Each structure stands twice: as structure tokens, then as C-alpha cells.
Amino acid sequence: MFISSSLFKLYSTAVTPIFQPNPSLHQIKQAHARLIAAGNGGDSHLTGQLLAALAQSRSIPFQYSLSILHSTQNPSLFAINNLIRCFAKSKSPHEAMSLYSFMFKNTYFRPNNYTFPFLLQACGNFKGIVEGTQVQAHVVKLGFYNNVYSRNALIHLYFASCESKCAKEVFNESPGCRDLVTWNVMMAGYARMGQIDDLEKMFDEMPEKDIISWSSLITGYVQNGYLEQGFDCFKRMRDLGLLPNEAILVMVLSACAQLGLIEKGILIHSIIDSFDCPKTVHIWNALVDMYAKCGNIDKARQLFDKMPQKDISSWNVMICGFATYGLAMEAIEHFEKFLIEGRTPENVTFIGVLNACSRAGLVDQGRHYFKLMSQKYNIDPEMEHYGCMVDLLGRAGLIADAIELVEKMPIPPDPVLWVTIVAACRTHGLVEFGEGTGKKLIQLDPNHHGNYVQLSSIFAKSCKWEEVLTTRGLNSRKVPGWSLIEAQGKIHQFVAGDREHERTSEIYKMVDRMNTKIVEAGYLPNISSVLHDLEEEEKINSIKEHSERLAIAFGLLITEAGTCIRIVKNLRVCGDCHEMTKITSKVFQREIIVRDGSRFHHFQGGNCSCQDYW
């Protein structure tokens, strides 16, 4: 067939955008429009190319993809496979099965070795294990079971459906039918399911490894709480001269954020800056989150302001960061900017705003945003939102309002809400009411140690020591309190009364020095947090050995004068340690930042950023 030079030019102009890597939806539609204008909108080969380009697009409009196939005369298998691929990546992956079923039963269509990987990918994306096993039967029947791409997709499907045993069986069935992707799919599956022993074994047995293999190992460690192993793995990878990918960088920054390790976070940041490539929005978000959770909210804000592009996660990270730091007005200000930009908040956004109101006692603002969430944005409050509101009302002493809110919830209340109310009762001296609520709480959730602690604290408030002993004896599973400090490239962890550290003798000498100086500055011990019937002197000695005191004493020993001491604590700081740290910051002229299980406390010059409201 002869094609004129002008028509050839039109063809070239039309299809050039869709042959580019990762074409935008706008470029694809431009190419489609040119094909239609040239009278070739039904060309099977060219519409197949359009669908192939759509399958690579980040956002795939379902109806548009389908309309392209409907406009095609005698669509090719290539076009149909790419439409299945589009559906697999779309928000309606189950439609891929509907299309396959229709085409298989009603047309000349017969699948090939490309069809089944896309179908199985679709089944994995909607966790269609029943549909997936049906596809597997077709794979076997039509002779494609030894196709490595189909087997890889099948392994992914079984992991997505939490059937790791079946995935392992497929992996072991045919050792000769494996490639690097097969091993990586197994690695990713074990990482997702938290099977760390299997993950490590698989990694060690791999005949070759690439950056995806390392990424799966690090992701598995970090997402399942093995944070230090994740750091060690990252170091091993770097020692081999491998460049980390985006997923690895986001994971190690997440590990830094979870542990509050700013020195390691700064190191990761410097590695990112050394790369000669633009930062993705995910890396920007991870950096902002890391600095916010490591206690450097100013750096987090600086990076947030420099971001060339922001998505909703960027705003959520910043708003939640301000909230955790107690900067309620900054959180609200950023939320209002977010709305002015025309963005639509999601449930996490409102958790940040409501949490900010709770930290600062902004009752009216909290009630306003709680109503706004459902009335304007049609977001049904979830347990976290109710938790923020109950905390807000409880801190403000509005116990009756908090109880009314819990009792009117359309969903069953989480026991944590009642724990929050019991804690508020203790804070505001409603001892009798707190006792009754605490007993109901234990009946509701008898296996949670924190419930027994809360009720014990209520009894201790009334000096009912027999009830304290009885209550604490009902549950032996206690969450041990610890405090971390990162110094000189190492993580140092302390528990109350710890004497395992190699510099224990020096630490306790520093504790004695701290106590002497803060007493001279007016410190009086607050022993209300000691839930034991001890003599007053014994109680005072007990609180002197709390984990954060040991960590601060160690920080004073090994850091230079004038530098900031950063502590991470897994439980909420007690009232006495809070007061002690305030005075220590003044006496020793040190900035001390403590991230406890609830929020940040920034101590400086004898004051705390929480303004004693936490």
C-alpha cells in the first residue's frame, strides 16, 4: 500500500507522543485525536499502541480505555491484552476478568503468553483468589504454566491473598522456571507478610541480587519493626557501592523517624543531596516527616516550604508534625492554606487538625473542625477522630461532654477512649467516677495492661494501696518503659534503674549531680506517679532512676556544652520527670527535646513547649 509523504507525516506526528516513555494522558489524547482526524481511529494496530501507552500511565480512565476498544474494527490480541493491563492497574481491576470472560466466550479471541500475567496481576490487585485459581486452571490447560511471567504473577497473587504457602509451592515446583523477578516477588511477599526468617533465607539463597532485592529486605525490616536491622542492611548495601532507589530511601528515613534518630536522618539526607537527580515528592515527604518526628520542626517547615510540588501527603505530614509538637496555631494556619489552595482534606488531615486542637486545649476550634469534617466534606468520623475529640474534652475537664460523645458514637467505642476518660478523671480529681469507669474498662478489655495501670493510678490517688496491688496483680503483661539517646553514631537505650551500660558509674554520678543542682534551684519531687505503697524517701529514690533521667544524664556526659540533647521515650513522660527536665534545662543551660509516647516536649530555659498542658 502506497502512503503519501503528507499522510506519513501525519501518522508520525500522531503516534510520536505514545511512543515516548511514560506519556501523559494529555499526550495520549492528543495522539488519539489526530488519528481520528485522519480517519484512522479504528486502526487496530494504532489503537493497540494507544492502549499500550495508557497501560503505562499513572492514572487510567476506565471508560476512556474501554471506548478506544469499542471504536476499533476487529481489535487485535495486542490491543485486548493492553486493555486488560489497563484494567489491572485501574481502580476497577475486576473488570479485567469480565473482559477476559466475554472475549473468550464470544469472539475469535484466544489468549497468549502476555494475557495471563496481566489477568493474574488484576486478580492480585483486587485479592480475587477464587478468580485467580480459575485463571491458573486456564494457564495449565492452554500450556502456559511454565511461562515465567505467568508464574511470577501467580506468586504475587497468592501473596496478595495472604496465601504464602501456595506461593512457596509455585516457587518450588519448577526451579528451572525462575528469573530474578521470581526471587524478588518472593522477597516482596515475605516482606509484606512480615515473615522475616523466610525473607532473610530467601535473600541469602538468591543466585543474584539487584537493588529491588535489597529494597525488599530493607522494607521488610522497617515495616515490621526491625529498624536497626534495616539500618545495618542499608549500610551493607552502601558498602557494596549500590545506589539506593526511592523505596529504600523512604524506608530508611521512616526508620529514622520512628526511632527519632536525627543523626542518621541527617546522614541519609546528605546521601540524597549527593545524588545528581531530582527528588520525588515521596522523598520530600519522607524528609519532612523525618525532621518533624526527630524534633527539628523548623527544618521540617523549611523543607516543606521549599518543595517544588506538594501532594496531600505533604500537607498531612506538616500539619500532623505541628500537632505533635504542640504548635496548634501553625497546624490550623497550614490547614486553612491547604483549603485556600482548593485541595480536599482526607481523614488523616482532620486527625492532624483535631490532634493540634487537643494539644492546645482549643475546644471551640476542635468542635468546629469535627463538624466541618462530616457536614462539608462528607467524611465519617473514625475511631482516631473520636479519640482526638475525647482527649480534647477530657483535657479541658469536660468529662460529661466526652462521655456523651462516646455514648452517641455510631460505631462501638474503642477501649482506648475509656482509658482517655479515666486519665482525665484522675487529672481533674474525679476519683470516684474514675474508679467506676476504670472497672468497666477492665471488664471491656481485660487483656490490655494499660487499663490496669490507669485504674491503679486512680486507686493510688486515693491511697488505696491494697486495691493498687490487687489491680496490678490481675495483669502481669507490662510494657517496659525505655528511653533512647543517639550519640556518637550509636543508639543507647535505658530502662528504669538500668545498670547495664558500660558507663553506669559515671551516669549515676551525673544523676546525683543533677539532683543536687535542681534541688538548689527549687525542685520538689512529685511522687504521685509511683504506684506502690512505699515510704516517701523510697518513692523519691525510685523516680530518680526513671529511664529518661538516665538518658539525660548520659547526654550531659558525652555531648558538648550548649548542644541539644534529644531523647525518645516509648511511654508518656511522668509529671515529676517533666518538672525535673524543665529545671535541668535551665540549670545546665541545655536545650532538651523529649519525644514521648504522646508528643514532643521542647525544654529550654526552665520552660516546656507544651506549657504544662499534655
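Values computed for the structure shown
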| quantity | calculated |
| --- | --- |
| Selection count, region 53-79, where residues are crowded, with 19+ Cβ neighbours inside 10 Å, in contact (Cβ under 8 Å) with a residue 24 or more places away in the chain and not polar (S, T, N, Q) | 7 |
| Qualifying residue in region 99-113 (condition: within 30 Å of residue 218 (Cα to Cα) and modelled with pLDDT under 95) | no |
| Subset of region 481-503 (residues that are in a strand (DSSP E or B) and either free of Cβ contacts under 8 Å to residues at least 40 places away in the same chain or touching a Cys at 6+ places or on another chain (Cβ under 8 Å) (or both)) | 490, 493 |
| Within region 553-596, considering residues that are among the hydroxyl-bearing types (Ser, Thr, Tyr) and in contact (Cβ under 8 Å) with a residue 60 or more places away in the chain, the one farthest from residue 423 (Cα to Cα) | 559 |
| The lone exception for residue 292 - which of (1) aliphatic (A, V, I, L, M); (2) in a helix (DSSP H, G or I); (3) more than 22 Å from residue 359 (Cβ to Cβ) it fails | (3) |
| Candidates 203, 231, filtered to the one that is aromatic (Phe, Trp, Tyr), outside the structural domain of residue 273 (by TED's automatic domain parsing) and free of Cβ contacts under 8 Å to residues at least 24 places away in the same chain | 203 |
| Selection within region 137-167 - without any contact (Cβ under 8 Å) to a residue 24 or more places away in the chain and either under 34 Å from the mean Cα position of the chain (by Cα) or not in a helix (DSSP H, G or I) (or both) | 143, 145, 165, 166, 167 |
| Any hit, region 372-382, residues being of a type in the set (Ser, Thr, Tyr), under 24 Å from the mean Cα position of the chain (by Cα) and assigned to a helix (DSSP H, G or I) | no |
| Helices (runs of 4 or more DSSP H) completely within region 178-272 that count 3 or more residues being under 19 Å from the mean Cα position of the chain (by Cα) | 180-193, 211-223, 227-239, 246-259 |
| Among the residues listed as 527, 565, the single one being in contact with a helix residue (DSSP H, G or I) (Cβ under 7 Å, 6 or more places away or on another chain) and either modelled with pLDDT of 90 or more or surrounded by fewer than 15 Cβ atoms within 10 Å (Cβ to Cβ) (or both) | 565 |
| Residue match in region 293-311 (condition: modelled with pLDDT under 95, of a type in the set (A, V, I, L, M, F, W, C), closer than 30 Å to residue 414 by Cα and in contact with a Cys (Cβ under 8 Å, 6 or more places away or on another chain)) | yes |
| Some residue of region 321-342 being in the same structural domain as residue 249 (by TED's automatic domain parsing), out of contact with any strand residue (DSSP E or B) (no Cβ under 7 Å at 6 or more places or on another chain) and basic (Lys, Arg) | no |
| Test: residue in region 113-123 that is surrounded by fewer than 18 Cβ atoms within 10 Å (Cβ to Cβ) and either small (Gly, Ala, Ser) or without any contact (Cβ under 8 Å) to a residue 24 or more places away in the chain (or both) | no |
| Condition check for residue 302: free of Cβ contacts under 8 Å to residues at least 24 places away in the same chain, part of a helix (DSSP H, G or I) and polar (S, T, N, Q) | yes |
| Single unsatisfied condition, residue 344 versus (1) among the polar types (S, T, N, Q); (2) within 27 Å of residue 594 (Cβ to Cβ); (3) in contact with a Phe, Trp or Tyr (Cβ under 8 Å, 6 or more places away or on another chain) | (2) |
| Helices (runs of 4 or more DSSP H) contained in region 1-75 and holding at least 1 residues at pLDDT 75 or above | 25-37, 44-56, 62-70 |
| Residue tally, condition among the aliphatic types (A, V, I, L, M), crowded, with 17+ Cβ neighbours inside 10 Å, free of Cβ contacts under 8 Å to residues at least 60 places away in the same chain and closer than 14 Å to residue 587 by Cβ, over region 504-520 | 2 |
| Residue list for region 417-433, filter: within 34 Å of the chain's Cα centre (by Cα) and either modelled with pLDDT under 70 or among the aromatic types (Phe, Trp, Tyr) (or both) | 418 |
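Here is a yes/no grid of residues against (1) of a type in the set (A, V, I, L, M, F, W, C); (2) modelled with pLDDT under 95:
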position: 161; (1), (2): no, yes
position: 170; (1), (2): yes, yes
position: 174; (1), (2): no, yes
position: 186; (1), (2): yes, no
position: 190; (1), (2): no, no
position: 199; (1), (2): yes, no
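Yes/no matrix, rows are residues, columns are (1) in a helix (DSSP H, G or I); (2) more than 30 Å from the chain's Cα centre (by Cα); (3) without any contact (Cβ under 8 Å) to a residue 12 or more places away in the chain:
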residue	(1), (2), (3)
81	yes, yes, no
92	no, no, no
103	yes, yes, no
111	no, yes, no
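Let's see how each residue does on (1) out of contact with any helix residue (DSSP H, G or I) (no Cβ under 7 Å at 6 or more places or on another chain); (2) surrounded by 23 or more Cβ atoms within 10 Å (Cβ to Cβ); (3) farther than 30 Å from residue 330 by Cα:
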| site | (1), (2), (3) |
| --- | --- |
| 212 | no, no, yes |
| 226 | no, no, yes |
| 231 | no, no, yes |
| 243 | yes, no, yes |
| 263 | yes, no, no |
| 274 | yes, no, yes |
| 279 | no, no, no |
| 291 | no, yes, no |
| 294 | no, yes, no |
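The values are calculated or read from the model by the stated rules, or taken from the named source; none is laboratory data. Keep in mind that what you see is a predicted model, and the values were worked out from it rather than measured. Cβ sites come from the backbone with ideal geometry, for glycine too, and all protein chains shown count toward neighbours.
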